[in-house]
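This report concerns only the one structure given below.
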Amino acid sequence: MDHFRAYRIHETDGVTTAGIEELRLDDLAPGEVVIRSCYSSVNYKDALAATGKGKILRRFPLVGGVDVAGVVTDSEDSRFRKGDRVVVTGCGLGESQDGGFSEAVRVPADWVVPLPPNMSLYTAMAIGTAGFTAALAIDRLEQNGLQPDQGPVIVTGATGGVGSLAIDLLGGRGYEVVALTGKAAEETYLRELGASRVLLRDDLVMGARPLEQTQWAGAVDNVGGELLAWLTRTVRPWGSIASIGMAGGIELDTTVMPFILRGVSLLGITSANCPMPRRRRIWKRVAGDLGPRHLDAIVSGVVSLDELPAVFGQLLSGQHRGRTVVQLTEAG
Ligand SMILES: NC(=O)c1ccc[n+]([C@@H]2O[C@H](COP(=O)([O-])OP(=O)(O)OC[C@H]3O[C@@H](n4cnc5c(N)ncnc54)[C@H](OP(=O)(O)O)[C@@H]3O)[C@@H](O)[C@H]2O)c1
């Protein structure tokens, strides 16, 4: 791959610009493993990075994209060989290292995960960082004691990538799932994924007391802000909240009361720097007992590099649904 196409982001005088460029391997940050990228995917963080709406990138110029799945073409590390099918999510990809919106990717070998044998490259990116994060959250909630017989689990930002996958994965494990969304028109979609109830954000009566009536055995929160504060007030005794996202804000205005009187746990979820042993274990689970059942419904589109800006716009305006996969080269 002498030349290849990549979606590269620049910043000049505080202004972010981005577009497709022809690059050579020497233009990419160093690393031991070179991958011919077959698929990437679009995450909220990618939209923040490419538009400059969030301070995500640690250097410029940089190729965007926090996810990639592809085939190793060259490796200076004995753990990987030409032809290996691999996946990389987070770790700094698309943040400090040139990312997955590129037909070729070069990364440190320590970031590379062998693709689970029964998973296709396409499926790996339909899941991507969003699905990996949803699985990581469920894994942590269960390690903290959550079980299906304890009662309903609520998922906020339900129609988003993480939200859709969380509903699908929880439903597959037998949980009663309640979806909280801002999109009234998506009730049928959310029920199809496994939600037994759909709540509309605009209809919520959140109250303001430090402890409100308890409702949830557990929660997966992609929104933050006042919704996360409300979750702390309404989770049942000994229940847990997985805090994943900040689509609605970074603030958290609550009290210690849910924690010291109800034993509620607030679990932080960070997928980007998930340690490698846990990372491999979660990918195995996603290919096994914690696998998605409704990926066809969740993937709302497969796009080329040229179509990325439109997808970023949908994500940032909260109008995007499910997951968008990016096709880079033929998977065969
Ligand atoms: N901690 C981690 O490791 C990690 C990993 C991946 C993602 N994240 C974060 O998790 C969040 C979700 O990521 P994603 O990729 O699923 O993004 P996404 O596809 O854009 O989903 C976000 C969803 O949140 C809801 N939402 C959007 N704006 C909102 C607002 N102003 N107030 C309340 N709800 C709003 C919308 O769903 P509804 O209309 O259905 O409510 C939207 O679809 C993002 O903040 C992302 O940065 C964190």
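The values are calculated or read from the model by the stated rules, or taken from the named source; none is laboratory data. What you are looking at is a predicted structure, and each value in this text was computed from that prediction instead of being measured. Neighbour counts are summed over all protein chains in view; Cβ atoms, including those assigned to glycine, are modelled from backbone coordinates with ideal geometry. Note: accessible area is taken over every heavy atom of the protein model, side chains too, but ligands, DNA and RNA are not part of it. Shrake-Rupley method; radii C 1.70, N 1.55, O 1.52, S 1.80 Å.
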Task: Helical mean residue ellipticity (222 nm; -39500 (n - 2.57) per DSSP H run of 4+; nearest 500) of the chain - done: -8000 deg cm²/dmol
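Which percent of the accessible area of segment 26-109 is formed by carbon and sulfur heavy atoms (probe 1.4 angstrom)? Each step should come with its number before you reach the end.
Numbers: 1330 of 3010 Å².
On segment 26-109, the fraction of accessible area on carbon and sulfur atoms equals 44 percent.
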TODO: Jot down the radius of gyration and Dmax of segment 191-332, Cα atoms only, both in angstrom.
DONE: 18.2, 57
TODO: On a C-alpha basis, how far is the centre of segment 244-299 from the centre of segment 1-23 in Å? Whole number, if you could?
DONE: 32 Å
- [ ] For the chain, take the alpha-carbon Rg, divide it by the Kirkwood Rh, and send me Rg/Rh.
- [x] 0.98
TODO: Mind running the shape call on segment 38-173? Use the C-alpha gyration tensor, a ≥ b ≥ c as the square roots of the eigenvalues: rounded below 1.5 for a/c, prolate if a/b tops b/c, oblate otherwise.
DONE: oblate
TODO: Could you work out how far helix 161-172 tilts from the main Cα principal axis of the chain, as a 0 to 90 degree angle to the nearest 10?
DONE: 60 degrees
Open item on the list: Test of understanding: in a Gaussian network model of the chain with alpha carbons linked when under 10 Å, which of ALA184, ALA219, ALA135 would top the mean-square fluctuation ranking?
Closed with: ALA184
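If I compute solvent accessible area with a 1.4 Å probe over the protein chains, what percent of it on segment 245-332 is carbon and sulfur? Walk me through the numbers on the way to the answer.
Numbers: 2490 of 4510 Å².
That share works out to 55 percent.
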Open item on the list: What do you get for trypsin sites (Lys or Arg not before Pro) in segment 68-131 restricted to DSSP loop and a cutoff of at most 12 other Cβ within 10 Å of the site's Cβ?
Closed with: ARG79, ARG81, LYS82
TODO: Using Cα positions and a limit of under 20 Å, work out the lysines in reach of LYS53, with same-chain residues fewer than 8 apart set aside.
DONE: LYS45
Open item on the list: Just to confirm the number: angle between the C-alpha axis of helix 121-143 and the first principal axis of the chain, 0 to 90 degrees, nearest 10?
Closed with: 40 degrees
Open item on the list: Suppose we flag GluC sites (Glu not before Pro) only when DSSP calls them loop and at most 14 other Cβ atoms lie within 10 Å. Which is the longest uninterrupted stretch of the chain?
Closed with: 77-250
Open item on the list: Quick check: at a probe of 1.4 Å, how many percent of the accessible area of segment 134-211 sits on carbon and sulfur atoms?
Closed with: 45 percent
Open item on the list: Counting heavy atoms of the protein chains only and a 1.4 Å probe, report the per residue accessible area for the chain as a whole number of Å².
Closed with: 42 Å²
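Taking every DSSP beta bridge that has both residues in the chain, what percent is antiparallel when rounded to the nearest 5? Walk me through the intermediate numbers first.
Working: 33 of 60 bridges.
Percentage antiparallel, nearest 5: 55.
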- [ ] If a/c stays under 1.5 just call it rounded; otherwise compare a/b with b/c (prolate if a/b is bigger, oblate if not). Do that for segment 35-114, with a ≥ b ≥ c from the square roots of the Cα gyration tensor eigenvalues.
- [x] prolate
